Structure formats: structure tokens, C-alpha cells
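None of the figures in this text is laboratory data; all of them are computed from the coordinates on show. Remember, predicted model here, so these are calculated numbers, not experimental data. Quick reminder, even Gly has a Cβ in these numbers, built from the backbone with ideal geometry, and neighbours come from all protein chains shown.
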Amino acid sequence: MPIAVDIDVMLARRKMSVGELAERVGITPANLAVLKNGRAKAVRFATLAALCEALDCQPGDLLRWEAEDAGGADGDGRDGDDGGDAAAEREAAAAEREAAAAEAS
């Protein structure tokens, strides 16, 4: 997923448990775990604001953008600065798949 959630980092910095944060924010620990583990499809601005207030941080401390191709140049899941164009690479791969499918039929 291109948006990474770093709630666990802020929880560790603040020495706070998931349960305590969930109580302060007003959501269930299960819903906080879904958000924390990157499985949420969306987050309400009100929830994001409550998280920031409880953790005394900015939204950028909790959320960051990562390139979609999980391999990255250095294998850490981030798009390394290798000079390549990831979008062009994805388009080329899609074109190759389409050509292979056309040949197969």
C-alpha cells in the first residue's frame, strides 16, 4: 500500500499502549489495530486529529507515502533513488503481459 502508517513508532516514543491510545481517541482497540497494521482503507480526519492530539504529533508523523513497487532498489520496500521511472516500468510490464496474452490466444 502506498500509504504507510507509523502509529506503532509514535506509540513507542510516547511509551503508550494500544489500549490506552484507543481509549484516549475513542475507538476500539481492534479498529486501532486495523489502522496501525496498515489494513485500513480510510481514516476520518476527526480520528486522525484525535490520534495527533493524543500522541502530541502531526499527521505526517503517523502517515507517509511509499512508492507502490515493494521491491525498491535497496530491498527495504521503498523506492530507492536509482534514477529509474517506476511508472514507466509498470507500464512496460503491463504492455509485456498484454502482448503475452495476445500471443497465447
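Scan around Leu63 for amide H atoms under 5 Å from its own, H built in the peptide plane at 1.01 Å from N, and keep only partners 5 or more places away or cross-chain.
HN-HN under 5 Å from Leu63: Asp6.
Count charges around Gly26 for me, please; just the other residues with Cβ under 14 Å from its Cβ, Lys/Arg as +1, Asp/Glu as -1. Let's see the in-between values first.
Values: positive: Arg24, Arg44; negative: Glu20, Glu23, Glu53.
Taking every other residue near Gly26 into account, the sum is -1.
For segment 3-65, calculate the relative contact order in percent as a whole number, restricting contacts to Cα pairs under 8 Å that are 6 or more residues apart.
On the way: 52 pairs, mean separation 33.1, N = 63.
The normalised contact order for segment 3-65 reaches 53 percent.
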